[in-house]
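Structure first, commentary second.
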Amino acid sequence: MKRQALLLLAIVLLGLNLRPALAAIGPLLDRIQRDTGLDHVAASLLTSVPVVIMGLGALACGPLRRRLGDNGGILLGVLLIAFASLLRGLLPAASTLLVSAVLAGAGIAFVQALLPGLIKSRFAADSGRLIGFYSCAIMAGAAFGAAFTPWLAQSLGWAWALAGWTLPALLAAAVWRRAAPSAGASAVASAPPLVTWRWPQAWLLMSFFGIGTAGYTLVLAWLPPYYTALGWSAQASGLLLAALTLCEVVAGLLLSSLLPRFPDRRPLLAAVLLSLLAGLIGLQLAPETLVVPVALLLGVGIGGLFPLSLVVAQDHLDDPRQTGDLLAFVQGGGYLIAACAPLLAGLLRHYSTDLSLSWQLMALATLVLMVMAVRFSPPRQQRPLDALTD
């Protein structure tokens, strides 16, 4: 029981370290651009590049699992996050920031691709709810990154404020080394690997996750600059992102606790997508007057959609190994889709100096998600054919 509790703590700590490397950039972006000479498009790469690498890394997790195992791959991932954060403090230049973005993205990818399958194997009876809580830890890490980094930057400078996230990553690595289950306990080779690209439902799940996560990355990267352009300070815009992310965490926790009551996830999906759509509309119509309801609505929408996207995917399969294959495919392709959102917003801002069109496009994408969500029938009703396994 004590080791099980330590494992749960390690999972939470790992989740908390999967977003500060991204969320800490937004509130400091104007200052970083001024000091490094990055233009809007190049600055958008600081968020887009890690997300692209997160996608590619997830797709490559099969060879990583075979070479290092789940435990070793996760440990390597969190150590890469720590090293990327430290690099930002040691060498605060434009090129170094881009290199650190690649390293952080790879580290995040390894942890995200391997940890859900391990959760499925160790906590099979309650894996959906635990994956939801793990997703909430990810969003909480984003809140901490957005809230604390601008305040650290006041006394340490932006470079060492970004480097400060090295310490939590090292703590997570140390706890994981103690808590990681033995190779025998975490083995999930009871079924053959799933050939996901042959399964149409896998592509639908991947697209749904990708478009939904695009909303998350768009808000993460460009909400603070959107408000600083309206005259807000870096600290105020960072606190706004942190407050929004706190709403995401609370919404994710509440939704995760409700999952056992909703074997059909579609009513929950409808609720969070309507909330996301309303928040995006408010962000365009009256961003300052409606800032509180906008933050609440976006927080509920994004905070519910992210864990639900993972839970809906893992609902489709019982075997932990095949679930890991499916989630790696869903996250891999999905993050590649999501990476386009902040990059597109950077391009639009470069040529129009306004982000309103970006919010409008995301609102249209949310309508597409509503149509896609209708296809997600209750869990255990859709199965891959035998031909989809090696």
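Of the residues LEU22, LEU38, LEU13, LEU6, only one is part of a helix (DSSP H, G or I) and over 15 Å from the mean Cα position of the chain (by Cα); which?
Numbers: LEU22 fails: over 15 Å from the mean Cα position of the chain (by Cα); LEU38 fails: part of a helix (DSSP H, G or I); LEU13 fails: over 15 Å from the mean Cα position of the chain (by Cα).
Exactly one residue qualifies, and that residue is LEU6.
Suppose we filter ALA202, ALA214, ALA221 for residues that are in contact with a Phe, Trp or Tyr (Cβ under 6 Å, 6 or more places away or on another chain) and either open to solvent by 10 Å² or more (accessible area, probe 1.4 Å) or assigned to a helix (DSSP H, G or I) (or both); which single one remains?
Numbers: ALA214 fails: in contact with a Phe, Trp or Tyr (Cβ under 6 Å, 6 or more places away or on another chain); ALA221 fails: in contact with a Phe, Trp or Tyr (Cβ under 6 Å, 6 or more places away or on another chain).
The conditions single out ALA202.
Give the number of residues within the range 310-327 that are open to solvent by 10 Å² or more (accessible area, probe 1.4 Å) and among the small types (Gly, Ala, Ser).
Qualifying residue count, the range 310-327: 0.
ASN71 passes all but one of (1) at pLDDT below 90; (2) touching a Leu at 6+ places or on another chain (Cβ under 6 Å); which number fails?
(2)
Could you grab me the full set of residues in the range 224-249 that are surrounded by fewer than 24 Cβ atoms within 10 Å (Cβ to Cβ), among the β-branched types (Val, Ile, Thr) and under 26 Å from LEU364 (Cβ atoms)?
Within the range 224-249, THR228 is the sole residue that qualifies.
Could you pull out the residue among SER121, SER127 that is polar (S, T, N, Q), open to solvent by less than 10 Å² (accessible area, probe 1.4 Å) and out of contact with any His (no Cβ under 7 Å at 6 or more places or on another chain)?
Details: SER121 fails: open to solvent by less than 10 Å² (accessible area, probe 1.4 Å).
Among SER121, SER127, only SER127 is polar (S, T, N, Q), open to solvent by less than 10 Å² (accessible area, probe 1.4 Å) and out of contact with any His (no Cβ under 7 Å at 6 or more places or on another chain).
Counting just the residues of the range 268-286 that are surrounded by fewer than 19 Cβ atoms within 10 Å (Cβ to Cβ) and more than 22 Å from the chain's Cα centre (by Cα), which one comes out nearest to TYR134 (Cα to Cα)? If you could, list the steps in order and put the result at the bottom.
Residues of the range 268-286 surrounded by fewer than 19 Cβ atoms within 10 Å (Cβ to Cβ): 270-271, 274, 281, 284-286.
This time we only want the ones that are more than 22 Å from the chain's Cα centre (by Cα), so: 281, 284-286.
Details: ILE281: 29, GLN284: 31, LEU285: 34, ALA286: 33 Å.
Residue satisfying both the conditions and the ranking: ILE281.
How many residues does the range 81-97 contain that are open to solvent by 40 Å² or more (accessible area, probe 1.4 Å) and not small (Gly, Ala, Ser)?
5
Could you please find all residues in the range 287-301 being within 28 Å of ALA202 (Cβ to Cβ) and open to solvent by less than 10 Å² (accessible area, probe 1.4 Å)?
We begin by selecting, within the range 287-301, every residue within 28 Å of ALA202 (Cβ to Cβ); these are 300-301.
Answer for the range 287-301, where residues must be within 28 Å of ALA202 (Cβ to Cβ) and open to solvent by less than 10 Å² (accessible area, probe 1.4 Å): just GLY301.
Among the helices (runs of 4 or more DSSP H) confined wholly to the range 303-390, which include 2 or more residues that are modelled with pLDDT of 85 or more, more than 20 Å from the chain's Cα centre (by Cα) and closer than 23 Å to LEU244 by Cβ?
Here the list reads 356-373.
Among the residues of the range 250-267 satisfying the criterion of being open to solvent by 20 Å² or more (accessible area, probe 1.4 Å), of a type outside the set (D, E, K, R) and not in a loop (DSSP other than H, G, I, E, B), which is nearest to ALA345 (Cα to Cα)? I'd like the intermediate steps shown before the answer.
From the range 250-267, those open to solvent by 20 Å² or more (accessible area, probe 1.4 Å) are 250, 253-254, 257-258, 260-267; that's our starting set.
Now restrict to residues that are of a type outside the set (D, E, K, R): 250, 253-254, 257-258, 260, 262-263, 267.
Checking the rest, the ones that are also not in a loop (DSSP other than H, G, I, E, B) come to 250, 253-254, 257-258, 260, 267.
On the way: VAL250: 27, LEU253: 30, LEU254: 31, SER257: 34, LEU258: 34, PRO260: 37, PRO267: 31 Å.
Restricting to residues being open to solvent by 20 Å² or more (accessible area, probe 1.4 Å), of a type outside the set (D, E, K, R) and not in a loop (DSSP other than H, G, I, E, B), the top hit is VAL250.
May I ask you to list the residues in the range 48-71 that are open to solvent by 30 Å² or more (accessible area, probe 1.4 Å) and part of a helix (DSSP H, G or I)? Can you show your working first?
First, pick out the residues of the range 48-71 that are open to solvent by 30 Å² or more (accessible area, probe 1.4 Å): 49, 52-53, 56, 59-60, 63, 65-68, 71.
Scanning the range 48-71 gives VAL49, VAL52, ILE53, LEU56, LEU59, PRO63, ARG65, ARG66, ARG67, LEU68, ASN71.
Which one is modelled with the lowest pLDDT among residues in the range 12-46 that are β-branched (Val, Ile, Thr) and open to solvent by 10 Å² or more (accessible area, probe 1.4 Å)? Explain how you work it out, then say what you get.
Of the range 12-46, the ones β-branched (Val, Ile, Thr) are 12, 25, 32, 36, 41.
Going one step further and asking which of them are open to solvent by 10 Å² or more (accessible area, probe 1.4 Å), we end up with 12, 36, 41.
Numbers: VAL12: 92, THR36: 88, VAL41: 75.
Ranking the qualifying residues of the range 12-46, first place goes to VAL41.
The values are calculated or read from the model by the stated rules, or taken from the named source; none is laboratory data. All values derive from a computational prediction rather than experimental measurement. Here Cβ is always computed from backbone atoms with ideal geometry, including for glycine, and neighbour counts include all displayed protein chains. Quick note on the areas: whole protein, heavy atoms, side chains included, nothing else; ligands and nucleic acids left out. Shrake-Rupley method; radii C 1.70, N 1.55, O 1.52, S 1.80 Å.
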